[in-house]
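Colleague: Below: one structure in structure tokens.
Please treat every number below as a calculation from the coordinates, not as lab data. Note that the coordinates shown come from a computational prediction; the quantities given were computed from them, not determined experimentally. Don't worry about glycine lacking a Cβ; one is built from the backbone with ideal geometry, like all the others, and counts go over all protein chains shown.
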Amino acid sequence: MLYIKCPYCGMRSQNEFAYGGDATVKRPELNKEVSDKEWDTFVYLRKSPRGKHLELWHHVSGCRQWFKAQRDTVTHEIFKTAEIKEDI
Amino acid sequence: MSQEFRLEKIGLINRDKKISFKFNGKKYFGYEGDTIASALIANGIHLVGRSFKYHRPRGFFGAGVDEPYAIVQLYRNGETDPNCRATEQELFDGLETKSVNCWPSVNFDIGAINNFLNKFFPAGFYYKTFMWPKSFWYRIYEPFIRKAAGFGVASTKHDKERYEHKYEYCDLLVTGSGPSGLASAYAAAKNGARVILAEDKPRFGGSLLTSDVNVGNQSGKEWADKIISELKEMPNVTLKNRSQVFGYYDHNMLVMSERISDHLPKSKKYSPKQRLWYIRAKEVLISSGSIERPIVFGNNDTPGVVLASAAREYLKVYGVLVGKKPLIFTNNDSAYETAIEFKKNGIWPIVLDTRMNPDSEIINEAKSMGIDIRFSHVVIAAKGYKKVKSAEIAKISEDKKDLGKIENISCDCICVSGFWTPTIHLASQSGNKTKFNEKIDAFVPDKPKQNEKTLGAANGIFTLEETLKTSFESGEEVSKKITKKENKISVPQVSEKKHAQHDKFWCVPLPKGKTYKRFLDFQNDVAVTDVELALREGYRSIEHVKRYTTLGMATDQGKTSNLNGLQLVSSIENKIVPSVGHTTFRPPYTPVTIGAIVGREIGKHSKPTRKSPMHHWHEKNNAVFVDAGVWLRPRYYKQGNEGLFEASKREAKNVRENVGVCDVTTLGKIDVKGPDAAEFLNRVYTNAWLKLPVGKARYGVMLREDGIVMDDGTTTRISENHYHMTTTTAQAANVLSHLEYYLQIVWPELNVNVVSTTEQWAGAAIAGPKSRNLLQKLFPDTDVSNEGLPFMGYLESKLFGVHARIFRISFSGELAYEVNVESNNGNFMWGKIIEIGKEFAIQPYGTEALSTLRIEMGHVAGSELDGRTIPYDNGLQGLVSKKKDFIGKRSLNRDAFTKEDRQKVVGVVPVDKKTSIPEGSHLVKDANASLPNPKLGHISASCWSVEYNNPFSLAILKDGKNMIGQKLFAMSPLKNKSILVEIVSSHYVDPKGERVRS
Amino acid sequence: MQKYSVFNLIKNALKGHKDWEVAWKDPTPKAEYDVIIIGGGGHGLATAYYLAKEHNITNVAIVEKGWIGGGNVGRNTTIVRSNYMHDENGLFSEFGMDLWRNMSQELNFNVMFSPRGIINLAHSDAQMNAFSRRGNSMRLNGIDAVLLGREEVRTLIPMADFSENVRFPIFGGLMQPSAGTARHDGVAWGYARQADSMGVDIIQHCEVTGFDVDNGKIKGIQTSKGNIKAKKIGLCVAGSTNILAEMLNMKLPVETHLLQACVSEPIKPILDHVVTFGAGHFYVSQSDKGEMVMGGDLDGYNSYAQRGNLPTLQHVLTEGIAMLPFLSKLKMLRTWGGIMDMSMDGSPIIDKTHIEGLYLNCGWCYGGFKATPASGWTFAHTIAQDKPHELNAGYSLNRFSTGHLLDEKGLGTKTWIS
């Protein structure tokens, strides 16, 4: 079971969290013309690297904040977690 | 009654307490502290089971977790457990046990015919045959093979035992209480660290219990006892025996199973059988020791062939002789300790040592005791079928290729030692890559990956002095990091006998003309020839060898066989062992009871049950409940002999004619608050939200970004910046996370907060033409007229003094209201509604009637919003704003979504107006078309229309909008039904929606 | 090629099994092939076999990073079925069922196909209705399906939890009687042996490190054993798809996740079918060896680790005991993990790509093993004819743009939620 540092609450076991996938996905702005390709990329294409992965977690059984984590997808080492507005 | 193989003066068992038990129906006795194995051996019994494939006789090979043979069926407290390891199971009064995998008995087993045909069953033989005739595999061969395979018999009864879980955090977890475990735990504990010391066996001390050493002027055991008693007194130390740390997972989470009651006739009241510990350790010291590995020789699986270390353990811990004419076969010094122990107890062993001329303190001691030692000698084969009777031995040449003249010597057991294999499982599980140590011909941990360190024999250190020194140091080091204390412990003086180099010899060659089976994996009957065959056939990767031969895949997971298998592969392939590589070590280290892994979440508690505050009332009023996610909802309220159909019809009819009340507490409720709430809703929902006035509700649909409908519900503007959103019961949690995602990540500039209020409000839907009359009586001081509270209106009032929210919204299509009060007033509200509603002939209605009412009105719900449909499919295109953007809008212009003949919800009526259409039927043009028959759509929901008194269904139908009036067949081959139906509008009742506004 | 038969087995037994030939050779790669299949798993080996058998293309190499059959074909729970709702999935899988039924004989390798039936348990009327929709769809597609009531389930699986003390009572189930299990390793080895005998080069321990693409055309690959040229290249590397796609600068609607499985200690026969739990995600069958083979949810976060954590297994086994309480007394013997290609609609992709001569086979989610023969057959067709067969036309890459999605579960793009 992973041990994850919620930027707001501190170290907590994984069962308090929900996973949220690739954190680099950026939603196109509202009311902006986007090409089919851009839109499909947003909806369906995700980074799924072997190694360092920037991803979202949601502290559902805690403070209910979404946050970012940088984790290794092979070793599961978590290098850093950060609030959404912070850069990793 | 004395036991023939029990010694009087040696052992750690409690001789004051005799325990009687049964094996294969016959009564025996042992002592408290015995295992099944030690007690049976004391009684002279060595034949306990039969092997997996050839049904060869099986005895005891080890004395603990590494045991590959002695698997028995256990009977305890009226229950039975399959596959119990006799070398681990402690004796308790009334224990019963039986041999497995043999018929009619372990002594005379029909399956043993396989042994005589064994040459026809080499590795992988089943891949090469049983192919003709085609149907025979499934009908004849496979059932036969299944019956022959497997060990114990599982009971189909529910497990009566209780299993618990515990979550624990500690500074240091030490796995194993041998010398390295004791020393490191002691040092760390003295430094103030919170330590958990786990020992698999009932007794602490590990190898100190059986080795002949001196620590600080005491025997090894005395020293261990002293350390243990000190640790027991320390508040920062948790000592756990009968506790196996079986898995090393990510982020230093280790899992341990503690056997609390397995050694008792039955579990004590309030005490679980086992407890599973999830331990998050800052540091881990692995002190799991090593396992002796066998030397491979002919018929080395015969009962009576045992590991030399096991023979010593039976002697010193249990006071039991594995034989009275022992032959000891070794390539190293440690087996001499066994020989000496035999001799000390009046038994004359013969030692065969593969080495030419070794010289060491312990060999000299054995010599001086007069023990018969023959160097450069090997056992070629054990003789005897159900028990060793003699051994064929011979001299072996220096290059270990040529055998001398074969001699037969009488013996009743062969104690074998092929040196030691460090138990590196936990280190490997943690991600440690491990490395091959040439000096000991075995893998040891390499660089740690997590906060772990491996000590002592588990790390390939086989002298006590070095083990203690490094373990004390490690205990100090890791604890210092945590506690910042430095409490140096002086390492005690150790005296132990120095060992000579072992012989890198592990497999005895076959003499010319002999075909003895030489086993590597005892349980799965994998012999040297099997591995040779696999390699010959091109299965050359070690994983291929393992899978093709099943080497190491038995319940002992290859603890005594894997390394010898590797040696064999590397010698045939002419590679060095590390380049062959070992197969992956995976948790669990030793099999773990599934009940313990699951814990308390069984039966009714396998998932949570959520109940509304009015649940008790529903129960008392004969509600039949249905699962809605984890909620329980009344499906209908049974009157007399009614079934579902009659009851739901009655309830629905009463809503259409009078008034009904339905518990809608389970609907998801979310408070949306903040100055930007309207803007936020406008982005989340497909329709427009910016102009909704305070005191008004609106129906909304939300999409996923891929354009698929995610959920629907009404949202009400309670005040300027406060909205009350409702979701479906099933999607409540997902919708909240979805909203939080957009607020926190995508549009953080919006000043909005969301919070679930599902549990804060109890809800009752009051529906039917008389609902306003009822409402007026519930709220006499409030204007609930059509003008005072119009359709989609909202107001707050007091229900006999209790704060209430009143929404004029309708799911049933009737004039309807929803009243919410704080949860703890739910029962009060419900009681008042029922009480005052009596004069209007109120009846409670359940989800089934609710479903009927919504279906005949053509309101879509979960069965239409199934995660595959877009708004258009559900007839919700009118709610899709063309003017503004919203989540998922951009996806709606995909080809498949905009097709002319896109599917759409329609109504379906059987032409005969009688035959109900099963849900899940498909609509086709031609009922008799050849298969595959093209499907045009499917029936998503069916009901008996109480308005028209005939069946009515909803369907999602291709080109639905142009299909009205067409006749199709609703086909349910599963129910053997084909029904001629007419397609009608989905709005079957009150198509103009007048009632809700009346 | 040496024939496998009981007569040959006896003959060889009498000669001490010294004369068995290698099941497949260990060749060094040639400089050039007509087709290279990357990935020596079930799908890759089957593709090579069908290229040779159906299309007479034998100048083929299979390039495998590790040892053949070491990926998901050797890590699954051996279930073979075609119980799908969508036509594309159902017809594709049912075509595969025919190949399964004849596989042992066709490959002359006993893959132990055991049509013991799969039963999906239902725990509510709503679920019975959803299963009816799927089962009726199967029947109208010519696939066998039977709807079982509670009592019928009890007859088939009497040890399931029919007690009062149950959270989600069994309402009934959907059964596909012709579904079942097969010996996973045998499938890989059987295809390998036949492909090898028809001239396919199986090159193990050969890692692809790059692709040669020129002017939108594929030219060859770079490997740890040197460069190899080819006119056509097929990717069959479930679990590593994203790694290879990155080398090609391709982004795919696929995420990589870990699925764990476990077995109990072997016991005498107790369960004769494959059974799945309806109020969660758990499936189980009993192997011929007697082990209960069990699996369920993903670990829930992107992973290439081939090792999982215990909470997922705890969750899976909780559902196991909820369904079959007798499992409580058994012991979990072995656990392992496989890396899945989770596609954004839960269905696979077998298609051409924007690079001429490069073909893609990926996105199998949990369902790769049972698809092995049909996947190999249709992928071979797609490569040989340079266009998809009608059976895999629905598995196109552009369906995510057009909206022709094949979402059996209706869960959308959160691939880690099962």
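Colleague: Out of C:Ala182, C:Ala374, C:Ala13, any idea which swings most in a Gaussian network model of chain C, alpha carbons joined below 10 Å?
Modeller: Of C:Ala182, C:Ala374, C:Ala13, the Gaussian network model singles out C:Ala13 as fluctuating most.
Colleague: Something else about it: Assuming a strict under-22 Å limit between Cα atoms, what lysine pair count do you get for the stretch A:3-83 once near-sequence pairs (fewer than 8 apart, same chain) are dropped?
Modeller: The number of close lysine pairs in the stretch A:3-83 is 14.
Colleague: Right, next: Using DSSP, restrict attention to beta bridges with both residues in the protein assembly as shown and report what percent are antiparallel, rounded to the nearest 5.
Modeller: Looking only at bridges with both residues in the protein assembly as shown, the antiparallel portion is about 75 percent.
Colleague: With r as the distance between the Cβ atoms of B:Lys838 and C:Lys219 and R0 = 56 Å, compute the FRET efficiency 1/(1 + (r/R0)^6) and round to 0.05.
Modeller: Values: r = 85 Å, r/R0 = 1.52.
So, using R0 = 56 Å, E works out to roughly 0.10.
Colleague: What ranking of B:Ser288, C:Ser82, B:Ser930, B:Ser219 emerges when the number of other C-beta atoms within 10 Å of each C-beta is taken as an exposure proxy, fewest first? Each step should come with its number before you reach the end.
Modeller: Working: B:Ser288 31, C:Ser82 27, B:Ser930 7, B:Ser219 15.
Final ranking by Cβ density, sparse to dense: B:Ser930, B:Ser219, C:Ser82, B:Ser288.
Colleague: Return one number: the angle in degrees, 0 to 90 and rounded to the nearest 10, between the long axis of the Cα atoms of helix B:732-741 and the longest principal axis of the Cα atoms of chain B.
Modeller: 90
Colleague: Within the stretch B:294-418, what percent of beta bridges assigned by DSSP are antiparallel, to the nearest 5?
Modeller: Restricted to the stretch B:294-418, the bridges split so that about 40 percent are antiparallel.
Colleague: Here is a further query. Quick one: 3J(HN,Hα) in Hz for the stretch B:123-132, Karplus 6.51/-1.76/1.60 with θ = phi - 60°, rounded, Gly and Pro as x.
Modeller: Per residue, the Karplus-derived 3J(HN,Hα) values read 3, x, 4, 5, 6, 9, 9, 6, 9, 10 Hz.
Colleague: Shifting gears a bit: Tell me the relative contact order for chain B as a rounded percent, counting alpha carbon contacts under 8 Å between residues six or more apart.
Modeller: RCO, chain B: 9 percent.
Colleague: Given H placed on each backbone N at 1.01 Å, which residues far from C:Arg167 in sequence or on other chains put an amide H within less than 5 Å of it?
Modeller: Answer set, sorted by chain and number: B:Lys604, B:Ser606.
Colleague: Could you tell me, in Å, what Rg and Dmax come out for the Cα atoms of the stretch B:385-539?
Modeller: Rg, Dmax (Cα atoms, Å): 21.7, 68.
Colleague: Here is a follow-up. Name the most mobile residue of A:Asp22, A:Asp36, A:Asp72, meaning the one with the largest mean-square fluctuation, in a Gaussian network model of chain A with Cα contacts below 10 Å.
Modeller: So, out of A:Asp22, A:Asp36, A:Asp72, the one fluctuating most is A:Asp36.
Colleague: Please report how far the C-alpha centroid of the stretch B:428-453 lies from that of the stretch C:10-70, rounded to the nearest whole angstrom.
Modeller: 35
Colleague: Can you give me the angle between helix B:644-657 and the longest principal axis of chain B, using Cα atoms only, in degrees from 0 to 90, rounded to the nearest 10?
Modeller: For helix B:644-657, the angle is close to 30 degrees.
Colleague: Please give the helix B:562-573 orientation as an angle from the longest Cα principal axis of chain B, in degrees from 0 to 90, rounded to the nearest 10.
Modeller: 80
Colleague: Around B:Gly826, with a cut-off of 12 angstrom between Cβ atoms, what is the net charge of the other residues, counting Lys and Arg +1 and Asp and Glu -1?
Modeller: -1
Colleague: Right, something else. Relative contact order for the stretch C:310-413: what percent, with Cα pairs under 8 Å and sequence separation of 6 or more?
Modeller: 28
Colleague: From Cα coordinates alone, what are the radius of gyration and Dmax values for the stretch B:846-998 in angstrom?
Modeller: Taking only Cα atoms of the stretch B:846-998, I get Rg and Dmax of 15.9, 51 Å.
Colleague: Counting pairs of alpha carbon atoms under 8 Å apart in space and at least six apart in sequence, what relative contact order in percent does chain C give?
Modeller: About 22 percent, as a whole number.
Colleague: Lys and Arg at +1, Asp and Glu at -1: add these up for the other residues within a Cβ distance under 14 Å of C:Tyr84 and post the number.
Modeller: After counting each charged neighbour, the total is +1.
Colleague: Output the Kirkwood hydrodynamic radius of the stretch B:909-998, Cα pairs only, in Å rounded to one decimal. Walk me through the numbers before you get to the answer.
Modeller: Working: mean 1/r = 0.0735 Å⁻¹.
Hydrodynamic radius (Kirkwood, Cα pairs) of the stretch B:909-998 is 13.6 Å.
Colleague: Net charge near B:Leu307, counting Lys/Arg +1 and Asp/Glu -1 over other residues with Cβ under 10 Å of its Cβ?
Modeller: Spelling it out: positives minus negatives among the neighbours equals -2.
Colleague: Give me B:Cys943, B:Cys413 ranked fewest to most by other Cβ atoms within 10 Å of their Cβ, as a rough exposure proxy.
Modeller: Final ranking by Cβ density, sparse to dense: B:Cys943, B:Cys413.
Colleague: Something else about it: After finding the eigenvalues of the alpha carbon gyration tensor for the stretch C:131-269, what semi-axes result from the square roots of 5 times each, listed largest first in whole Å?
Modeller: For the stretch C:131-269, the ellipsoid semi-axes come out as 45, 20, 18 Å.
Colleague: Using alpha carbon centroids, what distance separates the stretch B:521-569 and the stretch B:798-872, in Å?
Modeller: 66
Colleague: I've got another one for you. Roughly how far apart, in whole Å, are the Cα centres of the stretch B:960-998 and the stretch A:25-88?
Modeller: Using only Cα atoms, the two centres lie 44 Å from each other.
Colleague: What's the Cα-based Rg to Rh of chain B, Rh via Kirkwood?
Modeller: 1.11
Colleague: Two decimals is fine: what's Rg over Rh for the stretch A:3-83, C-alpha atoms, Kirkwood radius as Rh?
Modeller: 1.05
Colleague: Taking amide H atoms as placed 1.01 Å from N in the peptide plane, list the residues 5 or more away in sequence, or in a different chain, whose amide H sits under 5 Å from that of B:Val626.
Modeller: Long-range HN contacts for B:Val626: B:Arg633, B:Arg635.
Colleague: In this model, which of B:Lys157/B:Lys607; B:Lys673/C:Lys409; C:Lys11/C:Lys268; B:Lys439/B:Lys480; C:Lys219/C:Lys387 are farther than 24 Å apart at the alpha-carbon?
Modeller: B:Lys673/C:Lys409; C:Lys11/C:Lys268; B:Lys439/B:Lys480
Colleague: May I ask you to sort C:Trp189, B:Trp689 by Cβ crowding, counting other Cβ atoms within 10 Å and putting the fewest first?
Modeller: Fewest-to-most Cβ neighbours within 10 Å comes out as B:Trp689, C:Trp189.
Colleague: May I ask for the Kirkwood hydrodynamic radius of the protein assembly as shown, worked out over all distinct Cα pairs and given in angstroms to one decimal?
Modeller: Working: mean 1/r = 0.0284 Å⁻¹.
In the protein assembly as shown this quantity evaluates to 35.2 Å.
Colleague: Also, quick follow-up: Out of B:Ala112, B:Trp137, B:His46, whose Cα points farthest toward the positive end of the dipole of the stretch B:1-158 (charges: +1 Lys, Arg; -1 Asp, Glu; placed on Cβ)?
Modeller: Result: B:Trp137, furthest along the dipole toward the positive end.
Colleague: Please give every one of the aspartates and glutamates within straight-line cross-link reach of C:Lys65, meaning a C-alpha to C-alpha distance under 15 Å, and leave out same-chain neighbours fewer than 8 residues apart.
Modeller: B:Glu543, C:Asp26, C:Asp201, C:Glu207
Colleague: At most 14 other C-beta atoms within 10 Å and a DSSP loop state: those are the exposed GluC sites (Glu not before Pro) I care about. Give me the longest piece of chain A that has none. All intermediate terms of the calculation are to be shown ahead of the outcome.
Modeller: Values: sites that count: A:Glu29, A:Glu33, A:Glu86.
Result, exposed sites excluded: A:34-85.
Colleague: Then there is this: Going by the alpha-carbon gyration tensor, a ≥ b ≥ c the square roots of its eigenvalues, is the stretch B:811-930 rounded (a/c under 1.5) or, if a/c is not under 1.5, prolate (a/b greater than b/c) versus oblate? Mind dumping the intermediate values first?
Modeller: Working: a/c = 3.15, a/b = 1.46, b/c = 2.16.
Verdict is oblate for the stretch B:811-930.
Colleague: Once the Cα atoms of the stretch B:294-418 are picked out, what are the Rg and Dmax in Å?
Modeller: Cα radius of gyration and Dmax of the stretch B:294-418 are 13.3, 40 Å respectively.
Colleague: With chain C treated as a Gaussian network of Cα nodes joined by springs under 10 Å, which of C:Gly239, C:Gly280, C:Gly295 yields the largest mean-square fluctuation?
Modeller: C:Gly280
Colleague: Hey, another quick one. Among the aspartates and glutamates, which fall within straight-line cross-link reach of B:Lys201, defined as a Cα-Cα distance under 13 Å, with same-chain neighbours fewer than 8 residues apart omitted?
Modeller: B:Asp34, B:Asp66, B:Glu88, B:Glu90, B:Glu258, B:Asp262, B:Glu313
Colleague: Something else about it: For the stretch C:370-375, in order, what is each residue's ³J(HN,Hα) by Karplus, 6.51 cos²θ - 1.76 cosθ + 1.60 with θ = phi - 60°, in whole Hz (x at glycine and Pro)?
Modeller: The phi angles translate into 5, 7, 3, x, 5, 5 Hz.
Colleague: To continue, here is another question. If the cut-off is a Cα-Cα distance under 15 Å, which aspartates and glutamates reach B:Lys649, setting aside same-chain residues fewer than 8 apart in sequence?
Modeller: Hits, sequence-local ones excluded: B:Glu657, B:Glu848, B:Glu856, B:Glu947.
Colleague: Next question, about the same structure. Need the full-extension length gain, C:His354 to C:Glu32, defined as separation in residues times 0.36 nm minus the C-alpha distance. One decimal, nm.
Modeller: Extra length available between C:His354 and C:Glu32 comes to 113.7 nm.
Colleague: Taking a quarter of the surface of the convex hull around the Cα atoms of the stretch B:1-158, what do you get in nm²?
Modeller: Approximately 11.6 nm², given one-decimal rounding.
Colleague: In whole Hz, what ³J(HN,Hα) sequence does the stretch B:473-485 give by Karplus (6.51, -1.76, 1.60; θ = phi - 60°), x for Gly and Pro?
Modeller: Result, ordered by residue: 4, 5, x, 5, 4, 5, 6, 4, 4, 8, 8, 6, 9 Hz.
Colleague: Quick one: which residues, 5 or more positions from B:Asn345 or on another chain, have an amide H under 5 Å from its amide H? H modelled 1.01 Å from N in the peptide plane, none for Pro or chain starts.
Modeller: none
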